[in-house]
Amino acid sequence: MTHLRRSTSPEWWPVERKGLPWSIKPSPGPHPAYSSIPLAVLLRDVFHYARTLKEARLIIGKGYVKVDGKVRRDYKYPVGLMDVVELTPISEYYRIIPDSINFLKPIRIDKAEASVKVCRIEDKTMVKEGRIQLNLHDGRNIIVEQDEGKKYETLGSVVINLEDGKLMDYYPMQPNQYVIAFSGINVGKHGTLVNWVKSFRKRDAIATVKAKEGEFKTILDYLLVIGKESPVVKVTE
């Protein structure tokens, strides 16, 4: 099925709940449906560069929109956490970041920053010849040599150059790192990770984060490391 009812679409999508019964169902892709927004909805209802779905599909179909440096012609393509969206005809660049009100929202960034993306390591697997494959939150897989792969841990973050796909930096999930919450009631808040209470499953550990507005607690699985003492990418407008 290519559509879903507007009444059951994610609450943070800026679509009218009354009127037309159907909305766009995201295609299978790098982000789950509940934490992504279709490209056409982004253009029409967030950026307002299209008045109708037909206009949005025309813009996307002509290859005027890039996500993470690649042209995307599927109007249902799911755009999610930390993705970089480029509108090529007008040279505008946006990053999708967590937001306390809208869950996810785009913020304007400059061209230089548009070539950089922070991704969380969700898993590590060993592949042929003993090399290590890093499975990232956006569906991306990066293979490194075994000796290099030993330094990477799950829930840590890597900084990727979107132009050549190479790793630029690595930030482990550990105290004193700068993190942002991308889920839960504290979504959008960011600050320095103080510590966490160990649990049987690391992802379920209760973490304490020191933010500008005060400390907050969340589970470790809801945090993304975005730098050491400060964010390496823009997270506020």
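The values are calculated or read from the model by the stated rules, or taken from the named source; none is laboratory data. Here the structure is a predicted model, which is why all the values come from computation and not from measurement. FYI the Cβ positions are ideal-geometry reconstructions off the backbone, even for glycines, and counts take in every protein chain you see. When the accessible area is computed, the model is the full protein with side chains, heavy atoms only, and any ligands, DNA or RNA have been set aside. Shrake-Rupley method; radii C 1.70, N 1.55, O 1.52, S 1.80 Å.
Excluding ligands, DNA and RNA, the accessible surface per residue across the chain is 53 Å² with a 1.4 Å probe.
Annotation: Arg108 carries an accessible surface of approximately 120 Å², with a 1.4 Å probe and no ligand, DNA or RNA atoms counted. Less than 5 angstrom separates the built amide H of Asp99 from those of Leu104, Lys105, Gly188, all sequence-distant by 5 or more or on a different chain. Shown here for the stretch 145-200: trypsin sites (Lys or Arg not before Pro) in loop regions (DSSP other than H, G, I, E, B) with at most 16 other Cβ atoms within 10 Å, namely Lys150, Lys151, Lys166, Lys198. Within the accessible surface of the chain, defined with a 1.4 Å probe on protein heavy atoms only, the carbon and sulfur portion equals 51 percent. Hydrodynamic radius of the stretch 104-237 by the Kirkwood approach over all distinct alpha-carbon pairs: 15.5 Å.
Normalised by the number of residues in the chain, the mean separation of alpha-carbon contacts (under 8 Å, six or more apart) gives a relative contact order of 13 percent. From the cross-link list Lys25/Lys151; Lys25/Lys166; Lys210/Lys234; Lys105/Lys210; Lys150/Lys198; Lys25/Lys66, which pairs have alpha carbons spaced over 30 Å apart? Going by Cα-Cα distance, Lys25/Lys151; Lys25/Lys166 fall outside the 30 Å limit. One chain, two ends: Val194 and Lys212. Fully extended at 0.36 nm per residue, the span grows by 5.2 nm beyond their Cα-Cα distance. Take Ser36: with every protein chain present and a 1.4 Å probe, its accessible area is about 0 Å². For the pair the stretch 26-49 and the stretch 84-117, the centres of their Cα atoms are 13 angstrom apart.
In this simple spin-label approximation, Val15 and Arg201 carry label points 7 Å from Cα along the Cα→Cβ vector, and these lie 3.1 nm apart. All other residues whose Cβ lies under 10 angstrom from that of Pro30 are scored, Lys and Arg at +1 and Asp and Glu at -1, for a net of -2. Separation of the stretch 193-224 and the stretch 51-74, taken as the distance between their Cα centroids, equals 38 angstrom. Distance between the pseudo-spin-label points of Lys151 and Arg51 (7 Å out from Cα toward the beta carbon): 5.5 nm. Qualifying GluC sites (Glu not before Pro) in the stretch 112-153, where qualification requires a DSSP coil assignment and no more than 14 other C-beta atoms within 10 Å, comprise Glu145, Glu153.
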